[in-house]
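As structure tokens, the structure follows; a few thoughts come after it.
Bear in mind these aren't lab numbers, they're just calculated from the coordinates by the rules spelled out. As the structure is a prediction and not an experimental result, all values here were calculated from the model. All Cβ positions, glycine included, derive from the backbone under ideal geometry; neighbour counts span all protein chains shown.
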């Protein structure tokens with residue numbers, strides 16, 4: 001089993017924002033005013049926001065921005081792999097602004113998602129049993145489930 005640490009906190013926002021902007025530039029994305037504000041909002045996030053939440057926060061800085069502009073920019077960032085998506089059955093699609101390699105812990109009581117940093121992940125791919133003979137694995141995402149510290153404290 002891999003050693004794990006669970007983090008609810010993230011690097012300083014200025015550091016995260018700079019890293020997100022650098023990633024966007026590395027992927028050839030133009031830094032429009034709307035995209036710059038969106039990346040700044042994402043860089044300040046300590047959780048995994050929905051598209052609606054991102055729109056509301058961007059709109060506080062750019063009141064005239066349309067939902068379509070924010071959603072289009074979010075999708076552009078996802079396609080460029082600047083940010084990733086988190087999909088949970090029965091829940092809204094959420095976005096992960098953390099550019100560090102990490103995994104997730106999902107609280108079975110409150111649904112809170114925390115970033116988890118695993119020192120190593122070892123797995124053996126059973127191609128015949130999986131029906132994926134000839135497939136190429138590009139990434140591995142681990143989702144740990146349990147009760148978060150906040151819910152455990154309640155009782």
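Values computed for the structure shown
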item	result
Residue exposure sequence - 45, 31 - by fewest surrounding Cβ within 10 Å	31, 45
Spin-label pair residue 66/residue 133, simplified geometry with 7 Å Cα→Cβ offset, distance in nm	5.1 nm
Cα centroid of segment 21-61 to Cα centroid of segment 64-92, whole Å	10 Å
Label of the coordinate-derived value, mean projected area of the Cα convex hull in nm², listed as [x] 11.7; [y] 12.8; [z] 9.4	[x]
Nearest 10 degrees, 0 to 90: helix 51-61 Cα axis against the chain principal axis	30 degrees
Angle in degrees between helix 33-44 and the longest Cα principal axis of the chain, rounded to the nearest 10	40 degrees
Helix axis angle, 67-79 relative to the chain longest principal axis, alpha carbon, degrees	40 degrees
Residue exposure sequence - 132, 29, 38, 62 - by fewest surrounding Cβ within 10 Å	132, 62, 29, 38
Segment 103-154, relative contact order [Cα under 8 Å, separation at least 6], %	53 percent
Whole-number Å³ per residue for the convex hull built on Cα positions in segment 103-154	108 Å³
123, 55, 71 arranged by Cβ crowding within 10 Å, fewest neighbours leading	123, 71, 55
Sum of -39500 (n - 2.57) over DSSP H runs of 4+, divided by residues of the chain (222 nm, nearest 500)	-11500 deg cm²/dmol
Relative contact order of the chain, defined on C-alpha pairs under 8 angstrom at six or more residues apart (%)	27 percent
